[in-house]
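Peer 1: Mind looking over this structure? Questions follow.
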Amino acid sequence: MQERACLDAGIIYLYYRKNAPEKVNILMNKIKKQDILAFIPKTTLIEVYKHLCITEGKDFATSCISTYV
């Protein structure tokens with residue numbers, strides 16, 4: 001059975017920050033390669049968007065979130 005993960009806002013937020021922790025990069029790479037099936041609740045995307053807007057600006061946040069949707 002394929003591994004599954006439900007991502008929270010912290011992991012996604014860290015991934016888009018500069019110098020993301022190595023463990024976060026490894027996890028996201030496994031998801032991209034479809035070694036892990038990831039679920040992201042819509043409310044989590046809203047939370048990440050808000051935090052990215054605050055720290056990086058609206059355009060950056062919109063660009064990041066649109067890659068998940």
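The values are calculated or read from the model by the stated rules, or taken from the named source; none is laboratory data. Quick caveat, the model's predicted, so the values are computed rather than measured. Every residue, glycine as well, gets a Cβ built from its backbone with ideal geometry; the counts of neighbours run over all protein chains shown.
Peer 1: Do we have I31 as surrounded by 14 or more Cβ atoms within 10 Å (Cβ to Cβ) and either touching a strand residue (DSSP E or B) at 6+ places or on another chain (Cβ under 8 Å) or modelled with pLDDT of 95 or more (or both) here? Spell out how you get there, then give the answer.
Peer 2: Values: surrounded by 14 or more Cβ atoms within 10 Å (Cβ to Cβ): yes; either touching a strand residue (DSSP E or B) at 6+ places or on another chain (Cβ under 8 Å) or modelled with pLDDT of 95 or more (or both): yes.
Spelling it out, I31 is indeed surrounded by 14 or more Cβ atoms within 10 Å (Cβ to Cβ) and either touching a strand residue (DSSP E or B) at 6+ places or on another chain (Cβ under 8 Å) or modelled with pLDDT of 95 or more (or both).
Peer 1: Also: Looking at T55, T62, T44, can you tell me which residue is surrounded by 16 or more Cβ atoms within 10 Å (Cβ to Cβ) and either without any contact (Cβ under 8 Å) to a residue 40 or more places away in the chain or farther than 19 Å from C6 by Cα (or both)? Give the derivation first.
Peer 2: Numbers: T55 fails: surrounded by 16 or more Cβ atoms within 10 Å (Cβ to Cβ); T62 fails: surrounded by 16 or more Cβ atoms within 10 Å (Cβ to Cβ).
Answer to the selection: T44.
Peer 1: What number of residues in region 46-61 are under 16 Å from R17 (Cβ atoms), within 13 Å of the chain's Cα centre (by Cα) and either of a type in the set (V, I, T) or not in a helix (DSSP H, G or I) (or both)?
Peer 2: Residues that pass the stated criteria total 1.
Peer 1: Could you go through region 1-20 and let me know if any residue there is over 11 Å from the mean Cα position of the chain (by Cα) and part of a helix (DSSP H, G or I).
Peer 2: No: zero hits.
Peer 1: State which residue is farthest from A5 (Cα to Cα) when the search covers only region 15-28 and only residues that are loosely packed, with under 13 Cβ neighbours inside 10 Å and not polar (S, T, N, Q).
Peer 2: Filtering first and then ranking leaves K18.
Peer 1: Condition first: outside any helix (DSSP H, G or I) and aliphatic (A, V, I, L, M). Now tell me which residues in region 26-45 satisfy that. It would help to see each step written out before you state the result.
Peer 2: Filtering region 26-45 for residues outside any helix (DSSP H, G or I) gives 33-41.
Within region 26-45, I36, L37, A38, I40 qualify.
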